[in-house]
Every structure is written in structure tokens, then in C-alpha cells.
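The values are calculated or read from the model by the stated rules, or taken from the named source; none is laboratory data. No experiment lies behind these values; they were computed from the predicted model shown. Here Cβ is always computed from backbone atoms with ideal geometry, including for glycine, and neighbour counts include all displayed protein chains. All accessible areas refer to the heavy atoms of the entire protein, side chains included, with ligands and DNA or RNA removed. Shrake-Rupley method; radii C 1.70, N 1.55, O 1.52, S 1.80 Å.
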Amino acid sequence: MKRFWTASEDDTMLEDSPLSEEAKREAVEHALRKSEERFRLVVESAPNAMVMVNSRGMIEMINAQAERVFGYTRSELLGQPVEILVPTRFAGHHPGMRTQFFANPQSRPMGAGRDLYGLRKDGSEFPVEIGLNPIETEEGTMVLSAIVDISDRKQKEEKIQQALKEKDILLAEIHHRVKNNLQIIGSLLDLQSSRITDRQVLDMLRDSQSRIRSMALIHQTLYQSKDFARVDFANFLDALAPTLIASYGVDPARITLSLDTVGVQLPINTAIPCGLIMNELISNALKHAFPDDRRGVITIRLSRDTPSEVSLRVSDDGVGLPPALDAAKTETLGLQLVNLLTQQLGGALTIQPGHPTSFLLRFPSDE
């Protein structure tokens, strides 16, 4: 009969008792039998499949749940190599891993980071999680494996992954369609502007096209991104600034752009108003800062000052703002939009009117 303990508290108590040596031995045997029976009862009633294997890889004990999970009877498994429960494609490596375990036996999960599978009597495979526990017996160290069938969990995980994939595809399609629709609107305005001779109206249409293009760029950035919830705003600025230069017919050799940006991810409900603000500020500099073929530089800086605050600065070395300009009370649509969108962001706008002219926007945004 196998013994799963070689000593117990009962044995220690018996050493000091006045019983004869033979009575002590019988008492020890009885205590061991009780301990072994308790152990077997615990294993048998365990909710998981339990399989005990010796150092040679032979199955020494299983419980009722193991019979149900693997489809074998107890008599069919006892004395058999444990590889009978391992899929063929893994069985060749199993003895080596078992040897490694017995060289340093300690309680741990089996195959951490790998997908594990069990093999039923009918040849079907199923995903499992296995916990390994060394057990000391009179015949040496054995390993008691607790095996959990995780088929239901895997199926649910696959359904969740499929749902997430479908959601990503849907969001990508939405951003793609929004971008296309905005581009169509921009093209319609372009067609309309070709029939307009009034310079003031033409400028208004061009500004509207610029705003629409800015929103389209945000959706294009999201469409090309792996994260449909957040916009890489540095990438957006890299695309927006040259587009505006081309839109306003500015010679890039006369007005140059200097971008100093870091990777800042913004949620879309922050990125859209922020993108429109940048569109207005850059457009304003292109239209008004360098009259009479004046040369200069527009500098755009994006930074995250703290984990919860982002800064955006647009500055130029042009002619500066009119001295009497009150940005908070201006009647120009562009600066009115900037003020309204800054309020929407819960941010603050600081204006330095001259040499260089600078607009500094700070707003809250968590990483």
C-alpha cells in the first residue's frame, strides 16, 4: 500500500506515550491509513480532474472528475503512462518537461504562457489549465496535477475577440465613410468657388474647405490607426500643415513650417475641436502674417506638459497682430471659433501679439 505521508502529528504524540513498541507501530499505521484516506477523499471530491503521476510518468491515482473529463474508467488509466492523456503532437516533449519538474519540484502552473490541451479517450482534444503540486510519498516524490477543462472560457474568449474584430472593422468603415463624405463636401465647395468672383465670398468658401479638410484628416488618421478611440495628434499635424500650405497656394520656399511634436494620443472628442483650432491658427498665420511676399517661419509645437495636460503652440515671425485686437471680443469667425472650441476643451488660450506672434493652447487630456 502506498503511503502519502511518512510522519504526522499523531506519530510525534505516540513517541512520548507509554505504549509498547508494537502498539506504537500499529497506532502509527492506523494514523497513516487515516491520513491517506483523508487525502484520497479530498482528491476524489475535488471539482477538478486530479491525476497523480510518479517520476517514471506512470499514473498512480485519478479521481472521478478525471474519469468524466477524459472519458476513461479508472482501471483503464491506472498504471498507464500519463502521455495517454496528452495530444500526440505534444507527447514527445512531455517526458523531458516531466524530468525538469522532478529535478526541482515545486507547486506551479504548467506551461505558463502556452496553450495546453488534453486528449480524451475518443481522440478529441480540449484546452486545459494544469496546476502541478509535488507530493511526498514512501515511494518518492510524485506530482499531483489539477486539470481544468477551459473549453467554455476559450469559446467565450473567441466570441469576444470576434466581436472586437467586427467592431474594429465597423469603426474603420465609419471613419472611412465620414472622411469620404467630408471630401465630397470639400469638392462641392471647390466646384462652387470656381463660379464665384467676389473675393470675400471666395475666401469664406476656402476657409470652410480648410475646416472640412481638417476634420477629414482626423478621420483619415483614425482609419489608418490601430486604435479607433484615440488620434495620434502628431501624425495629424504632420499631415495638416503641408495641406494648408498647398490649399492657400503659399510658396513653401517663402513661408516654411517648423514642427516640433511628440507622440500625443487624444480621444476623438478632443482631437476634433483641437484639430479645428490648429486649422484656424495655422490658416490665420498663412493669410495674414506675411504680407507683400514677406518671408518667415511658422512654428508648431505639441507637448504633454504633465500626464493630464497638453500644450499646443503656433507662433510666427511675421508682422504681428493689430495692437487694438481683442481676441476675446473679435468679430472674425476664425478667432470666434478658436475661443468657442477652447471653452469646449476646458482649456485656456494665451496670446502673445508681437514678435514672435504666439498662440498657446493648454487643455486637459489624460494619457
ask   = Asp152: among the acidic types (Asp, Glu), more than 23 Å from Met50 (Cα to Cα) and open to solvent by 60 Å² or more (accessible area, probe 1.4 Å), yes or no?
value = no
query = So which strands (runs of 3 or more DSSP E) are wholly in segment 229-331 and hold at least 3 residues that are surrounded by 16 or more Cβ atoms within 10 Å (Cβ to Cβ)?
reply = 230-232, 255-261, 296-306, 309-316
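Please go through segment 332-358 and give me each residue that is part of a strand (DSSP E or B) and under 35 Å from the mean Cα position of the chain (by Cα), ordered by number. Give the derivation first.
Just the residues of segment 332-358 that are part of a strand (DSSP E or B), to begin with: 348-352, 357-358.
Selection gives Ala348, Leu349.
Would you be able to tell me the number of residues in segment 155-176 that are over 27 Å from Val128 (Cα atoms) and without any contact (Cβ under 8 Å) to a residue 12 or more places away in the chain?
Narrowing segment 155-176 to residues over 27 Å from Val128 (Cα atoms): 166-176.
The next check asks that each one be without any contact (Cβ under 8 Å) to a residue 12 or more places away in the chain; those that pass are 166-167, 169-170, 173-174.
Residues flagged as over 27 Å from Val128 (Cα atoms) and without any contact (Cβ under 8 Å) to a residue 12 or more places away in the chain within segment 155-176 amount to 6.
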request  = Restricting attention to segment 182-193, report how many residues are open to solvent by 90 Å² or more (accessible area, probe 1.4 Å) and either under 32 Å from the mean Cα position of the chain (by Cα) or more than 17 Å from Arg211 (Cβ to Cβ) (or both).
outcome  = 1
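Pick out the one residue from Ala239, Ala271, Ala246, Ala253 that is small (Gly, Ala, Ser) and in contact with a strand residue (DSSP E or B) (Cβ under 7 Å, 6 or more places away or on another chain).
So the residue among Ala239, Ala271, Ala246, Ala253 that is small (Gly, Ala, Ser) and in contact with a strand residue (DSSP E or B) (Cβ under 7 Å, 6 or more places away or on another chain) is Ala271.
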request  = Looking only at segment 85-106, decide whether some residue is touching a helix residue (DSSP H, G or I) at 6+ places or on another chain (Cβ under 6 Å), part of a strand (DSSP E or B) and either of a type in the set (S, T, N, Q) or surrounded by 17 or more Cβ atoms within 10 Å (Cβ to Cβ) (or both).
outcome  = no
remark   = When segment 178-228 is checked residue by residue, the ones that are within 30 Å of Gln265 (Cα to Cα), part of a helix (DSSP H, G or I) and of a type in the set (S, T, N, Q) are Asn180, Asn181, Gln183, Ser187, Ser208, Gln209, Ser210, Ser214, Gln220, Thr221
query = Mind checking which pairs have a first residue in segment 234-260 that is on the phi > 0 side of the Ramachandran plot and a second that is not polar (S, T, N, Q), Cβ under 8 Å, 6 or more apart or different chains?
reply = none
ask   = With (1) open to solvent by 50 Å² or more (accessible area, probe 1.4 Å); (2) under 21 Å from the mean Cα position of the chain (by Cα) as the list, and Ala172 as the residue in question, which single condition is left unmet?
value = (1)
note = Of the residues in segment 107-145 that are acidic (Asp, Glu) and assigned to a strand (DSSP E or B), the one that is farthest from Ile84 (Cα to Cα) is Glu136
query = Within segment 205-228, restricting attention to residues that are touching a Lys or Arg at 6+ places or on another chain (Cβ under 7 Å) and closer than 14 Å to Gln183 by Cα, which residue is most open to solvent (accessible area, probe 1.4 Å)?
reply = Gln220
query = Residue check: is Lys179 open to solvent by 80 Å² or more (accessible area, probe 1.4 Å) and either more than 30 Å from Thr261 (Cβ to Cβ) or without any contact (Cβ under 8 Å) to a residue 60 or more places away in the chain (or both)?
reply = no
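Only one residue in Gly123, Gly111 is open to solvent by less than 80 Å² (accessible area, probe 1.4 Å), more than 34 Å from the chain's Cα centre (by Cα) and not aromatic (Phe, Trp, Tyr), so which one is that? Before the answer, list the steps.
Working: Gly111 fails: more than 34 Å from the chain's Cα centre (by Cα).
Every option except Gly123 fails the conditions.
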query = All but one of (1) over 30 Å from Glu125 (Cβ atoms); (2) without any contact (Cβ under 8 Å) to a residue 12 or more places away in the chain hold for Tyr223; which doesn't?
reply = (2)
query = Restricting the search to segment 46-82, which residues are open to solvent by 40 Å² or more (accessible area, probe 1.4 Å) and within 40 Å of the chain's Cα centre (by Cα)?
reply = Pro47, Asn48, Gln65, Glu67, Arg68, Gly71
